[in-house]
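The values are calculated or read from the model by the stated rules, or taken from the named source; none is laboratory data. Quick caveat: nothing in here was measured; it's all calculated off a predicted structure. Here the Cβ positions follow ideal geometry from the backbone for every residue, glycine too, while neighbour counts run over all protein chains shown. Heads up: the accessible areas ignore ligands, DNA and RNA and are worked out on the full protein's heavy atoms, side chains in. Shrake-Rupley method; radii C 1.70, N 1.55, O 1.52, S 1.80 Å.
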Amino acid sequence: NAGVTQTPKFRVLKTGQSMTLLCAQDMNHEYMYWYRQDPGMGLRLIHYSVGEGTTAKGEVPDGYNVSRLKKQNFLLGLESAAPSQTSVYFCASSDTYSNQPQHFGDGTRLSIL
Amino acid sequence: KQEVTQIPAALSVPEGENLVLNCSFTDSAIYNLQWFRQDPGKGLTSLLLIQSSQREQTSGRLNASLDKSSGRSTLYIAASQPGDSATYLCAVRSQGGSEKLVFGKGTKLTVNP
C-alpha cells in the first residue's frame with residue numbers, strides 16, 4: 001500500500017545549487033501535482049500533469065521545472081535554488097474522474113541556506 | 001479565481017465537546033469538496049469528499065455538509081478526543097480543466113484532555 005512516495009524526505013541546499021524531487025505513485029493515476037506549503041500561505045500549486053508527457057503551470061511555477069516521462073513518476077526540479085524556495089513540498093495524484101480524491105505523499109522538507 | 005477561506009484559524013476545546021469547522025468558497029462551479037487532516041510534520045490525510053450533487057458525507061464521528069449555492073461547507077466532529085488534535089484543511093476541486101485543488105489555510109484544532 002505505498003500510494004504516493006516522495007524522495008527525499010529532507011534536504012538542505014546552498015543558494016544556487018540544483019536538485020530534483022521525485023514523486024512516484026503506484027495507483028495508475030493520470031493526474032499528478034506538486035504543491036508547496038508555507039506558514040500563513042496554505043498549499044499552493046506549483047505545476048501539474050494530466051498524463052504522461054504533459055505538464056502545466058500552476059499558481060507559483062517560477063523557479064521550478066517538471067517532467068512526466070513515465071506515468072507513475074513526476075519530477076520537480078530546482079535549477080538554481082533560492083532561500084525563498086525553502087518550504088515543504090507535497091506531491092499528489094488523482095484519477096481522471098472528477099469524483100475521486102487526491103492522494104498525498106508525506107512531503108519533502110527543503111531548506112535553502 | 002476560486003478562493004477558499006477557513007474560519008476560525010485556530011480552535012481549542014475540551015475533550016468530549018462537539019464542534020464545527022467552517023469552510024467557504026467564492027465560486028460555486030465545483031466538482032467536489034474535500035476535507036483533509038494534517039498532523040504536525042506530516043502529509044495530508046483525506047477525511048471526506050463531497051460531490052457537488054451531494055449534501056453531506058459521514059465517516060464515523062465526522063460529518064461534512066455542503067451548500068454549494070451559498071459556497072459553504074462544515075465539518076462536524078462529534079465527541080472530540082485529544083487524538084483529533086490536528087490541522088484540518090478544506091479544498092475545492094473547481095470545474096474548468098485542470099481539476100486542481102484550491103486549499104484554505106486550515107483550522108488548527110486542539111482538544112484538551
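Within the range A:63-87, the set of residues being among the polar types (S, T, N, Q), surrounded by fewer than 19 Cβ atoms within 10 Å (Cβ to Cβ) and part of a strand (DSSP E or B) comprises A:65, A:67, A:73. When each of A:24, A:2 is tested for being away from every other protein chain (no Cβ under 12 Å), in contact with a Ser or Thr (Cβ under 6 Å, 6 or more places away or on another chain) and farther than 23 Å from residue B:3 by Cα, the lone residue that passes is A:24.
Checking A:60, A:12, A:4 one by one, the residue that is touching a residue at least 40 places away in the same chain (Cβ under 8 Å), within 19 Å of residue B:103 (Cβ to Cβ) and not basic (Lys, Arg) is A:4 and no other. Out of the residues in the range B:70-85 meeting the condition of being open to solvent by less than 10 Å² (accessible area, probe 1.4 Å) and assigned to a strand (DSSP E or B), tell me which one is farthest from the other protein chains (Cβ to nearest Cβ). My answer is B:77. Taken over the range B:27-66, the criterion of being open to solvent by 50 Å² or more (accessible area, probe 1.4 Å), touching a Lys or Arg at 6+ places or on another chain (Cβ under 8 Å) and at pLDDT 95 or above is satisfied by no residue.
Evaluation of residue B:45 against the conditions (1) of a type outside the set (Asp, Glu); (2) in contact (Cβ under 8 Å) with a residue 12 or more places away in the chain; (3) touching a strand residue (DSSP E or B) at 6+ places or on another chain (Cβ under 8 Å) shows that the sole unmet condition is (2).
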